[in-house]
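Read through the structure below, which is laid out as structure tokens, and then see the notes.
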Amino acid sequence: MPKASVPLSSRLQFNHPEEGLHGVAGAQKVITLLNSYRNGVVKMSLNHNSLGDDGIYQLFAYLSSTEGSKHRATLAEISLTGNGIGCEGLQAIAEYLRGNDVLRALWLANNDFTPDPATLSCLANALNSARLRLLSLTGNSQLGDSFVERFLPLLRSRSLQELHINIIGLTPRSAPAIATWITGGRTGRSQGVCHLQTLKCSGNSLGVRGVSEVLRAIERGNWALTKVELYANRLPDTPFLSSPSLPPSSSGSLPPAGSLGAPDTDDDWRDFERALHRIMMRNQYWKRRVEKEALNLLKYARPLLMRSNSSLSSALSLPSHPSSSPPPTPTQGFPFFALPNELKLYILSLFAPSLSPIQRAHIYNYASDPVTLPALVPTLHRGFAEQCLVDPSSFGAIIGGSNIGSGCSSGKCMGPNSLVCRREEERAKFLEAVGCTAYEPELGDPVV
């Protein structure tokens, strides 16, 4: 009987949950196993062990060393749920995270973190310099309101797209700090700025007033969030009440702030659910539109602005003789290149009317910079993160066998049969680089 094939996705994963790994000895066992891998792993899961601060320090010291560099170059997801990690371990993780452009997801749920100012500052600074997309701190109930007040004002990562702060002991005291952070970019504050697309904040005790304040902040000043979860946020010992004097809103709008009574009522929560759904639909629509227009604008701006810059550089390098060359005529090439720069940019802006002037300027700079052009000749060796990685055992890969290893460079992407899609990665990097991951209305524009 032939041996069953092992998917490449399984061979790239290091899964050892609930194996009784304890402290430094457990970390040494993990390091020994990692050294036995010929290639670097993509996903490492060590959930529900007891590595603690000492074990985590040992493990991440190895990953940061030359010996563990092959794993650092490929490790895209780390899961350390339920390992008894405290602030010392979190600082070791933050140091590993600093400047890391490979790690995408970090799961740190159900540990023993506390709102230590130095640790939170170290973590925020590391996130601001990394390309992490998902951070989960769910279940660290000792963090509380102080975590939000100390951590969020320091967090301004453009790469972080998803933050989980479920069940961390938040109360209505946290609502102003969350609301201020959510609207940071809109108000022009120089402190923390929220670039998240997903925020999960369920299982806390924000109460009806706290949730209302957060939702109003999203509605008035945040177009980046497309998924928000605020379930189970009733205040402790609050009965389930209905409010006959305040009928539920059928329009999906938030109830007036002054109409919210002290107790949490079922009608209030139903209104919040409808309002949140409406706000998320609005943000999702504008996100799709902005990303589509940004990619479309690049398509037209690249050949036009790149050629304009080249012509301008050539003209500046020649001696100036006003009478030596006649002005261009409509028959001498495309007349667009004879227009003043202001008119060129105005015409291009018509391809992306939903983008802000700053977003369009970023695309113009990107399009006219030769450094951003893709390589004309593919390199002989590409890193793990620079190509489509196809699972050889998948049915789609067998059907398209001639495309294995070629990825998107040949225009034939394996799509769902790819463990890593280079085309999608490059597209996401472009949108992030030009700041076109969300709608950016001008200050003073009405909420739409």
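Under 5 Å between amide hydrogens, built in the peptide plane, is the criterion, and for ASN49 it picks out GLU18 among residues at least 5 positions away or on other chains. With all projection directions averaged, the alpha carbon convex hull of the stretch 102-198 covers 5.6 nm².
Just so you know, the Rg over Rh for the stretch 89-141 is 0.94, from Cα atoms, with Rh as the Kirkwood radius. Tabulate in residue order the Karplus-calculated ³J(HN,Hα) for the stretch 133-141, using 6.51 cos²θ - 1.76 cosθ + 1.60 with θ = phi - 60°, rounded to whole Hz; enter x for Gly and Pro. Result, ordered by residue: 9, 9, 10, 10, 10, 4, x, 8, 5 Hz. Packing around the peptides 37-44, 17-24, 219-226, 72-79, taken as the average count of other Cβ atoms within 10 Å per residue, puts them in this order, highest first: 219-226, 72-79, 37-44, 17-24. List the residues of the stretch 142-163 whose backbone N lies under 20 Å from a point placed 7 Å from the Cα of ARG98 along the Cα-to-Cβ direction. Backbone N within reach: 151-160. A Förster radius of 45 Å, combined with the Cβ-Cβ distance separating THR198 from ASN39, puts the computed FRET efficiency at roughly 0.90.
Directionally averaged projected area (the stretch 45-182, Cα convex hull): 7.3 nm².
Legend: distances between Cα atoms for LYS227/LYS292; LYS227/LYS287; LYS299/LYS344; LYS344/LYS429; LYS292/LYS429; LYS43/LYS227; pairs beyond 22 Å are LYS344/LYS429; LYS43/LYS227. Using C-alpha pairs below 8 Å separated by at least 6 residues, the relative contact order for the stretch 115-217 is 29 percent.
Look at where the Cα atoms of the stretch 29-66 and of the stretch 72-118 average out, and the two centres are 12 Å apart.
Ranking TYR300, TYR346 from most to least accessible surface, computed with a 1.4 Å probe over the protein chains only, gives TYR346, TYR300.
The values are calculated or read from the model by the stated rules, or taken from the named source; none is laboratory data. Since this is a predicted model, take the numbers as computed values, not measurements. Ideal geometry is used to build each Cβ from the backbone, glycine not excepted, and the neighbour counts take in all protein chains shown. In case anyone asks, the SASA skips ligands and DNA or RNA and just uses the protein heavy atoms, side chains included. Shrake-Rupley method; radii C 1.70, N 1.55, O 1.52, S 1.80 Å.
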